[in-house]
Amino acid sequence: MNSGGSMEGSPFIIAVSGKSGCGNSTVSSLLAERLGLRLINFTFRNLAAERGITLQQVLELARDDPSWDREVDERQVAMAREGDCVIGSRLAIWLLKEASLSVYLHASPETRARRIWNREGGKYEDVLAFTQSRDAQDTARYAEIYGIDNNRYDFADLSINTERLGPSRIVDIIEAAVRGLRPSRS
């Protein structure tokens, strides 16, 4: 844990990372709401919406053009450094080493695919195959672009298996860690 990040000094940043379907977006949003912090969760999905193309198209373009990853990552990091926040992104814990607290969320590919399927529909088997394919593509891209192995997260302050925990309980765990770092705002 980085002991920095006070209201007087550097920003208090909680970086939350995890693969697709692990609960990253939901947990980051709920955590930011509970703590009264800005939420930063700018993803390929947002970039696709800005450009008027599908997520699948962005993923295909990003496979051969690292500028897509860099744009998303640079925008997220710049937003996070503007002040106290919760940032939820695939690479937040790697790109924001100065984060006051780094959290990695994980669950099995099957659980993550089931969550995505419940959210987006389609055939479960197709969602599972897409999730596994995306995991492999993401891992290869991050290694090539940044030299990051996103399967190694042992440096994170907290590693939470989200397999059997709901978002509220996960946020409770993170909040307990935050209380140990930051005096309450009375």
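The single condition from (1) touching a helix residue (DSSP H, G or I) at 6+ places or on another chain (Cβ under 9 Å); (2) part of a loop (DSSP other than H, G, I, E, B); (3) among the charged types (D, E, K, R) that Glu98 fails is (1). Please go through region 15-46 and give me each residue that is of a type in the set (Gly, Ala, Ser), touching a Gly at 6+ places or on another chain (Cβ under 6 Å) and at pLDDT 95 or above, ordered by number. Within region 15-46, just Ser28 meets the criteria. Being without any contact (Cβ under 8 Å) to a residue 60 or more places away in the chain, surrounded by 11 or more Cβ atoms within 10 Å (Cβ to Cβ) and not in a strand (DSSP E or B) holds for only one residue in Asp126, Asp135, and it is Asp126. Being of a type in the set (Lys, Arg), surrounded by 17 or more Cβ atoms within 10 Å (Cβ to Cβ) and in a helix (DSSP H, G or I) holds for only one residue in Arg90, Arg119, Arg112, Arg169, and it is Arg112. No other residue among Ile174, Ile116, Ile160, Ile148 is out of contact with any Leu (no Cβ under 7 Å at 6 or more places or on another chain) and β-branched (Val, Ile, Thr) apart from Ile116.
Number of residues in region 172-184 that are surrounded by 11 or more Cβ atoms within 10 Å (Cβ to Cβ) and outside any helix (DSSP H, G or I) equals 1.
Considering region 138-166, the residues that are among the acidic types (Asp, Glu) and in a loop (DSSP other than H, G, I, E, B) include one that is nearest to Cys22 (Cα to Cα), namely Glu163. Looking at region 44-51, can you tell me whether even one residue there is more than 18 Å from the chain's Cα centre (by Cα) and of a type in the set (A, V, I, L, M, F, W, C)? Scanning region 44-51 turns up at least one residue that is more than 18 Å from the chain's Cα centre (by Cα) and of a type in the set (A, V, I, L, M, F, W, C).
Against the list (1) over 18 Å from Ser28 (Cα atoms); (2) surrounded by 15 or more Cβ atoms within 10 Å (Cβ to Cβ), the condition Asp157 fails is (1). Scanning region 118-144 for residues that are more than 19 Å from the chain's Cα centre (by Cα) and among the hydrophobic types (A, V, I, L, M, F, W, C) returns Val127, Leu128, Ala129.
Yes or no, residue by residue, for (1) among the aromatic types (Phe, Trp, Tyr); (2) exposed (fewer than 14 other Cβ atoms within 10 Å of the Cβ); (3) at negative phi:
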{"site": "Ser29", "(1), (2), (3)": "no, no, yes"}
{"site": "Glu33", "(1), (2), (3)": "no, yes, yes"}
{"site": "Arg38", "(1), (2), (3)": "no, no, yes"}
{"site": "Thr43", "(1), (2), (3)": "no, no, yes"}
{"site": "Leu47", "(1), (2), (3)": "no, no, yes"}
{"site": "Glu50", "(1), (2), (3)": "no, yes, yes"}
{"site": "Gln57", "(1), (2), (3)": "no, yes, yes"}
{"site": "Ala62", "(1), (2), (3)": "no, no, yes"}
{"site": "Trp68", "(1), (2), (3)": "yes, no, yes"}
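Can you name the condition, by its number, that Met79 falls short on among (1) on the phi > 0 side of the Ramachandran plot; (2) part of a helix (DSSP H, G or I)? It is condition (1) that Met79 fails.
The values are calculated or read from the model by the stated rules, or taken from the named source; none is laboratory data. Quick caveat: nothing in here was measured; it's all calculated off a predicted structure. No Cβ is skipped: glycine too gets one built from the backbone with ideal geometry, and neighbour counts run over all protein chains shown.
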